Amino acid sequence: MWFATEGGLARLKEGKWSNWQHKDGLGAKYELVQADIPYRNDPSKVSQHHAAQAAEAGSDIEVGFNPNYIVSIVVDDDGIVWCGTWGGGLSRFDGTNWKNYTVKDGLPGNHIFTLQLDEKDRRLWIGTNKGLARPNADGNGFSIMTKTDGLFADNVFSLTKASDGTLWVGSFGGVARISNYKL
């Protein structure tokens with residue numbers, strides 16, 4: 001059983017706990033994402049909860065970056081664990097090795113709020129702070145949908161796909177119903 005926590009990834013297997021954090025490969029390095037972090041205010045200045053997160057991250061970074069904070073998680077059919085982090089991008093864990101994807105790899109944003117595996121084509125939907133993304137079918141880069149493509153807002157917090165293929169995408173302030181998309 002896999003667990004997304006504010007302190008990293010955890011697994012309970014055969015009665016034994018295992019844990020992985022940023023120091024183990026979870027989330028991109030700050031130097032790689034710092035120019036793409038839109039949140040310049042440090043939430044720890046007003047929240048003890050976020051102050052604890054900053055301490056967990058082990059740094060004095062005062063922007064929206066805590067790669068140990070897994071906001072969303074999904075395990076695909078091959079057993080690959082996908083983790084959406086708070087500012088550290090999308091992390092892929094095969095049980096041994098980590099690979100991180102960021103804006104520099106084609107994601108629209110590095111804050112990953114929701115992940116969902118499409119029931120039909122088994123591809124990943126990735127809701128970020130700057131739009132909805134999917135890995136391209138050929139494995140190279142990502143296709144992106146934003147407000148200009150029909151989203152209510154670019155920050156995607158939730159989504160579901162109806163049986164007729166219609167996407168329902170929850171954003172800050174509203175929901176978009178999208179029936180003709182090509183992602």
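The values are calculated or read from the model by the stated rules, or taken from the named source; none is laboratory data. None of the values given here were measured: they were computed from a predicted structure. All Cβ positions, glycine included, derive from the backbone under ideal geometry; neighbour counts span all protein chains shown. Surface areas here come from the heavy atoms of the whole protein model, side chains and all, with no ligands, DNA or RNA. Shrake-Rupley method; radii C 1.70, N 1.55, O 1.52, S 1.80 Å.
Just grab the label-to-label distance for ALA162 and TYR39, each label 7 Å out from Cα along the Cβ direction, in nm (one decimal).
Using points 7 Å along Cα→Cβ, the separation is 3.2 nm.
For LYS23, list the lysines whose Cα falls under 28 Å from its own Cα; do not include residues on the same chain fewer than 8 positions away.
Answer for LYS23, where 28 Å is the Cα cut-off: LYS13, LYS45, LYS99, LYS104, LYS130, listed by chain and number.
With the chain treated as a Gaussian network of Cα nodes joined by springs under 10 Å, which of THR128, THR148, THR102 yields the largest mean-square fluctuation?
In this elastic network of the chain, the residue with the biggest mean-square fluctuation among THR128, THR148, THR102 is THR148.
Heavy-atom accessible area per residue, the chain, 1.4 Å probe: how many Å²?
Values: 9560 Å² over 183 residues.
Per-residue accessible area for the chain comes out at 52 Å².
Taking H placed 1.01 Å from N in the peptide plane, check which residues at least 5 places from ASP154 or on another chain put their amide H under 5 Å from its amide H.
LYS147
Excluding the sites themselves, what is the longest stretch of the chain that contains no GluC sites (Glu not before Pro) in a DSSP loop with at most 13 other C-beta atoms within 10 Å?
Result, exposed sites excluded: 120-183.
Please list, ordered by chain and number, the residues whose modelled amide H lies under 5 Å from the amide H of GLY8; skip anything fewer than 5 residues away on the same chain.
So GLY8 has HN proximity to ILE70.
With each run of n ≥ 4 DSSP H residues scored as -39500 (n - 2.57), what mean residue ellipticity at 222 nm is computed for the chain after dividing by its residue count and rounding to the nearest 500 deg cm²/dmol?
Theoretical 222 nm ellipticity from helices: -2000 deg cm²/dmol.
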